[in-house]
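Coordinate-derived values only; no laboratory data. Values in this document were obtained by computation on a predicted structure and should not be read as measured data. Virtual Cβ from ideal backbone geometry, glycine too; neighbours counted across all protein chains shown.
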Amino acid sequence: MANCSRIAEKYGYEGLRFVRADVSRDALYDQKVDMVVTLHACDTATDYALHFAVEHGAEYIFSVPCCQHEINSSIRKGGELDIFLRHGLVKERMSALLTDSIRANILEDLGYRVDLIEFTDFEHSPKNLMIRARYTGKKGTEGRALAAELADRYGFEQTLLRLSREDDPS
């Protein structure tokens, strides 16, 4: 963070700050932010960071999730996805993809244009998916509804889905 701050100062970016913080309570908790970047935020830490970004009006989000264990540990059989739940490795990968798909759909419903991109070659890291989002204000409802339906059918928990439900007044 110090190095990035020095570079920003060197090139005259006076309003640019880099802060390492626990988004639930630290330095940025009560401030508006322009951009949130996460790199390998484990398990539900990604969800809390994405929720923080939305709640604080971030225009840009760049998030590289890691260790998506939450769905993997709570999903149960009960429908069309059962074929993916039979073998541990496939279940783990399916759960990670499902987690990030849910995150993308929720962000889209909350007014972001979202791309899921490969940000580095798979040969360098198996954790190479990035959620890239920009706020457009075009909100929807289908993504959360579909995610909630899957969560109910398969009995899994997903933190960003829960947090977005808590924030929804309807």
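The residues packed around LEU16, meaning those with a beta-carbon under 13 Å from its beta-carbon, carry a net charge of 0 if Lys and Arg are +1 and Asp and Glu are -1.
Would you work out if segment 37-162 is rounded, prolate or oblate? Take a ≥ b ≥ c from the square roots of the eigenvalues of the alpha-carbon gyration tensor; rounded if a/c is under 1.5, else prolate when a/b is larger than b/c, oblate otherwise. In terms of gyration-tensor shape, oblate.
Could you work out the local net charge near GLY57, counting Lys and Arg as +1, Asp and Glu as -1, over the other residues with Cβ closer than 9 Å to its Cβ? Here the count lands on -2.
Placing +1 on the Cβ of every Lys and Arg and -1 on the Cβ of every Asp and Glu, with no other charges, gives the chain a dipole of roughly 160 debye about its Cα centre. Please give me the summed charge of the neighbours of THR159: other residues whose Cβ is under 10 Å from its Cβ, Lys and Arg +1, Asp and Glu -1. Within the 10 Å Cβ shell, the charges total -2.
By other beta-carbon atoms within 10 Å, ranking ILE131, ILE83 with the fewest at the front produces ILE83, ILE131.
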